[in-house]
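Participant: Sharing a structure below in structure tokens format, with a few things to ask.
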Amino acid sequence: MKKLTRRKVLKRLGAAAALPIAAPFLNLAHAQGASIPIGVALPFTGNAGAYGPDMAEAAKRTAAKINSAGGILGGRKLELFIEDSESSASVAANLSQKFINVHKCQALVGYWGTPEGMSSRPIAVQNKVVLMVSSAANAITEGDTQGYVWRFQMKATDWGIVIGRAVQRLGFKNIGIMGLQNAFVLPIMKTVEDQMKTAGRTVTGSLIYNPEQPSYRAEVERIFGKKPEAVCCFGLLPDFVSIMKEVYRGGFDSKVIALSIMADAEGKFIEAVGPQVAEGIRHFQPMPDTSAPGYKKFLKLMGAPDDRVYLFPPNTHDQIAVVAMAMEKAKSPMAVDWSKQIIPVCNGPGQNIDDVVDALKLIRAGKPVNFSGAGSTCDFTPNGDQLGRGMGHWIIQGGKNVFVEYAKP
Amino acid sequence: MISFLILISTVVCFSAILALALNFQWGLGGMVNFGMAGLYALGTYSCALLMLKGGANTFFATLGAMAIVAAACGVIALVTLRVTEEDYFAIVTLGVGEMLRLVALNEDWLTKGALGLTGIPRPLGDVIAPEYYQYFLLGLSVALLAGTVWFLNVIARSPFGRIMRALREDDVVAATLGKHVLWARVRIFAIGGAIIGLAGSLHGFYYQYIDPTQFSNIVIAYAFMAVIAGGRGAHQGVIWGAAVVMVLLEGSRFMKDLIPVLDSDQLAAIRIIIIGIGLILLLVFRPQGFMREYRLQVNFK
């Protein structure tokens, strides 16, 4: 074997390191052309990995639709940079830096989950770039965001309002509440608990549990052991799977109320626990109004059957659409200019319209529009919270999700 | 692009400092530390809280964080090694690390729990204009990295460094020669802890937002990868190890721009595979790491 000296090793290392570093330079001409770069951070791996692929597809199809209709700002095309956020805060922060500094993006979209949104928020505000998140925690839009942070999702307290109201209507006199230690779960828990107490119902017990425990036996005993009529459990898929196995094993018969990202998760929950354990669980999740024409157009765009319910991809569609419309209205690709046009194109006043290409035509003709998207009516408060999105309510029967109702806060 | 390289180099610097701490404790001193992630979180949170709640400036907050992690490490080593052997020590570090992470996650009044701490001040943050700040932070990180290497090299070549290597190879022999094994180990672990505190402080300065998810056990894996790739015991080698791990992690994202047929979700999976293959190849062709531990050599002619 040839002798390896430090110099040889350093040379080889240098060559190996140069390849990935040189890659973006090789691509530079491409990025600096007439196209408008948009950074899309989505979870393809990690605990939210199930949601990334469809959201990416929605982003691509929306951008392609806008591009094939002539693009924006006099024929410039949207160019998407889609990356894996690994469901992690630090990865999302590094990605935001890459989008801003390497690809010169003025719009960062996607950002499923609170940690991803929270870690990228200071970067977006500092660089004066718009960040559009799909995260629920109230803190995302609290404080001074200077108009750069926009939430394409219901705020967590609103989830609590809808769920609390449904629990009361279902006639449960006493409930137990358990929730994952997580920034978006805590406001939901608190709202449900407050609502139950104001309505004169009893909360038999409430606890916060930690993620990634091998077993939740003690937690399950404490909440289900008091035999409440129903238990509201808020968290994510992995913890809910172990919790429901414990509940089944312990023979508890309280009704279970959860979120769809736990009890459905694109079918992964029933697959993991089997239909017997899942029977009778009710689950809630913010969803698009499936009867809205904007949503129906979105299904066509995705080439999906009429009864398909997409939870997050319609928001990704709306994010790209709003970026395009606001840029067109501001006649500028710079976020300092177009971030101020987000409310005018989304909230109106103007002609009601649900198709991004038609909306762009009207904006070019100098007419005011009021855009309604695929995921919601796309109306915002001045600090960037989304209004007008409702929640779906399902019950699992015979291993299938049966739709119950759609409600707004 | 240059800005991105500067930012990633900053990440390499504080990852390298963290890896150096592990190299000092484990590579030189033979004390396995599976609680890195929790201790790293302790450093980051201590520094941030000393500034946000204690009103300290960034310099004293960093020193404070180093002292807190050093003290925590000293106590762990003292309490555990008095009564048990090394194998159990590894288990204790694992437990303590997890405990610290759970405290950060659950003590809302102090750490704001899962929501995390925002608006962490940066050294000279209000003096230096934001557009130049990244250059300053990189300069600071490089200087601290160089300082750490220098400091660790001095220790490694001192009599204490020889005690460390003796303990790593065989502590009974060292004890027979009259060395105080427990006291030496407490010092090794505490010095490593201070360096973890330094890396943690830089982590906070860089991200300006910290939450418990940033301190998952993958932090330990990356640190061990850097040490093994760099060469156990070799300080300069470990810097190369940390750089290679980071280039594999972040550089592999650019493959998509080179190979347009790759889809984003395919790339997400392929990246992890490539990182694994890279490390396997490294261990096959260079099992001792990039560099060798320092050894005193004298030439007689």
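Participant: In nm, give the distance between the simple-model label positions of B:F60 and B:R292, each being 7 Å from the Cα along the Cα-to-Cβ direction.
Facilitator: 4.8
Participant: Please work out the Cα center distance from the range A:296-367 to the range B:1-68, rounded to the nearest Å.
Facilitator: 44
Participant: While we're on this one: Between A:A407 and A:E279, what is the FRET efficiency for a Förster distance of 25 Å, r being their Cβ-Cβ separation, to the nearest 0.05?
Facilitator: 0.60
Participant: Also, I was wondering about something else. From the square roots a ≥ b ≥ c of the eigenvalues of the alpha-carbon gyration tensor of the range A:208-314, which class results: rounded (a/c under 1.5), prolate (a/b over b/c), or oblate?
Facilitator: prolate
Participant: For all pairs of alpha-carbon atoms in the range A:100-194, what percent lies in each bin of width 10 Å, listed from the first bin to the last filled one?
Facilitator: 16, 40, 24, 14, 5, 1
Participant: Helix A:237-250 versus the longest principal axis of chain A: what angle, 0 to 90°, nearest 10, using Cα atoms?
Facilitator: It works out to around 10 degrees.
Participant: How would you classify the range A:169-241 from its alpha-carbon gyration tensor, with a ≥ b ≥ c the square roots of the eigenvalues: rounded for a/c under 1.5, else prolate if a/b is greater than b/c, otherwise oblate?
Facilitator: oblate
Participant: Okay, next question. Roughly what angle does helix A:89-101 make with the longest principal axis of chain A, taking Cα atoms, 0 to 90 degrees, to the nearest 10?
Facilitator: Between helix and principal axis, roughly 20 degrees.
Participant: Apply the a/c threshold of 1.5 to the C-alpha gyration tensor of the protein assembly as shown and tell me whether it is rounded, prolate or oblate.
Facilitator: Note, shape of the protein assembly as shown comes out oblate.
Participant: Just how far, in whole angstrom, is the range B:137-154 from the range A:198-263 if you go by their alpha carbon centroids?
Facilitator: 49
Participant: Let me check I have the definition right: for the range B:9-214, take the eigenvalues of the Cα gyration tensor, multiply each by 5, take square roots. What are those semi-axes in whole Å, largest first?
Facilitator: Each semi-axis is the square root of five times an eigenvalue, giving 31, 20, 12 Å.
Participant: Work out, step by step, the length gained on full extension between A:K300 and A:A34: first 0.36 nm times the residue separation, then minus their alpha carbon distance; give nm to one decimal.
Facilitator: Between A:K300 and A:A34, full extension yields an extra 92.9 nm.
Participant: Using only the Cα atoms, work out Rg/Rh for the range B:162-301, with Rh taken as the Kirkwood radius, to two decimals.
Facilitator: Rounded to two decimals, Rg over Rh is 1.08.
Participant: Length gain on complete extension for the stretch B:Y133 to B:I91, per 0.36 nm per residue less the alpha carbon to alpha carbon distance?
Facilitator: Length gained between B:Y133 and B:I91: 11.0 nm.
Participant: Okay, next question. Pairs of alpha-carbon atoms within less than 8 angstrom and 6+ residues apart define the contacts here; what relative contact order does chain A have, in percent?
Facilitator: 15
Participant: What is the projected area of the convex hull of the Cα atoms of chain A, averaged over all directions, in nm²?
Facilitator: Mean projected area of the Cα convex hull: 24.2 nm².
Participant: I would also like to ask the following. In terms of modelled amide H atoms, which long-range or inter-chain residues lie less than 5 Å from the amide H of A:L259?
Facilitator: The list, which skips near neighbours in sequence, is A:G235, A:F284.
Participant: Under 17 Å from a label point 7 Å along Cα→Cβ of A:Q146: give me every residue in the range A:77-97 with its amide N that close.
Facilitator: Residues A:97 fall inside that zone.
Participant: Same structure, new question: Just subtract the alpha-carbon distance of B:N299 and B:I277 from 0.36 nm times their residue separation and send over the number in nm, one decimal.
Facilitator: The span from B:N299 to B:I277 would gain 3.9 nm if fully extended.
Participant: Between B:L182 and B:L102, take the C-beta separation as r, use R0 = 30 Å, and let me know the FRET efficiency to the nearest 0.05.
Facilitator: 0.60
Participant: Oh, and also: Using +1 on the beta carbon of Lys and Arg, -1 on that of Asp and Glu, and nothing else charged, what's the dipole of the protein assembly as shown about the Cα centre, debye to 20?
Facilitator: That gives a dipole near 1800 debye.
Participant: Can you work out the FRET efficiency for the pair B:A71 and B:S9, with r the C-beta to C-beta distance and R0 = 35 Å, to the nearest 0.05?
Facilitator: The pair B:A71/B:S9 has a calculated efficiency of 0.65.
Participant: Could you sort out which of A:K190/A:K227; A:K104/A:K296; A:K155/A:K296; A:K255/A:K408; A:K104/A:K361 sit more than 28 Å apart by Cα distance in this structure?
Facilitator: A:K104/A:K296
Participant: Output the 0 to 90 degree angle, nearest 10, between the alpha-carbon long axis of helix A:156-169 and the longest principal axis computed from the alpha carbons of chain A.
Facilitator: 30
Participant: Build a GNM of chain B with springs between Cα atoms under 10 Å: which of B:I163, B:I210, B:I277 gets the top mean-square fluctuation?
Facilitator: B:I277
Bear in mind these aren't lab numbers, they're just calculated from the coordinates by the rules spelled out. Keep in mind that this is a model prediction, so the values were computed, not measured. As a convention, Cβ positions derive from the backbone with ideal geometry for all residues, glycine included, and neighbour counts pool all protein chains shown.
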